[in-house]
Amino acid sequence: MRHKTGMENKPCRRCRGTLEARRVEHPYWNGATLVAVVHDVPSWVCRLCGYHYFEPAVETTLRYIVQDYIKMGTLFPIPNTPYRKMPN
Ligand SMILES: [Zn+2]
């Protein structure tokens, strides 16, 4: 018997649909402020409703990527940045 540890076995929290791995563009909000749009973010997307989820490690990395934008406050135009690994 195989045991999977990722999110591929978990149904969508909203509609119980199946999740598939896909890279998405993610508008990152800090409270009511849109601080940056991060693209190529690895995520799990629901095949039925389109809602996307991130692994906890990806959420941590996203916070790291946008931390400078959060410090800068509201910017126009909204910065657009690629997803990248955190330096060790
Ligand atoms: Zn869904």
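With exposed (fewer than 12 other Cβ atoms within 10 Å of the Cβ), within 16 Å of the ligand (Cβ to nearest atom) and over 16 Å from the mean Cα position of the chain (by Cα) as the only criterion, which of Asn88, Asn9 stands out?
Criteria check complete, one pass: Asn9.
Can we say Val35 is in contact with a helix residue (DSSP H, G or I) (Cβ under 8 Å, 6 or more places away or on another chain), within 27 Å of Asn88 (Cα to Cα), at pLDDT below 95 and not in a loop (DSSP other than H, G, I, E, B)?
Spelling it out, Val35 is indeed in contact with a helix residue (DSSP H, G or I) (Cβ under 8 Å, 6 or more places away or on another chain), within 27 Å of Asn88 (Cα to Cα), at pLDDT below 95 and not in a loop (DSSP other than H, G, I, E, B).
With the requirement that a residue be at pLDDT 95 or above, away from the ligand (no atom under 15 Å from the Cβ) and surrounded by fewer than 16 Cβ atoms within 10 Å (Cβ to Cβ), what does the stretch 41-55 give you?
Correct list: Pro42 only.
Could you tell me whether any residue of the stretch 58-80 is aromatic (Phe, Trp, Tyr), under 22 Å from Cys12 (Cβ atoms), surrounded by 11 or more Cβ atoms within 10 Å (Cβ to Cβ) and in contact (Cβ under 8 Å) with a residue 12 or more places away in the chain?
No.
The values are calculated or read from the model by the stated rules, or taken from the named source; none is laboratory data. Computed from a predicted structure; not experimentally measured. As a convention, Cβ positions derive from the backbone with ideal geometry for all residues, glycine included, and neighbour counts pool all protein chains shown.
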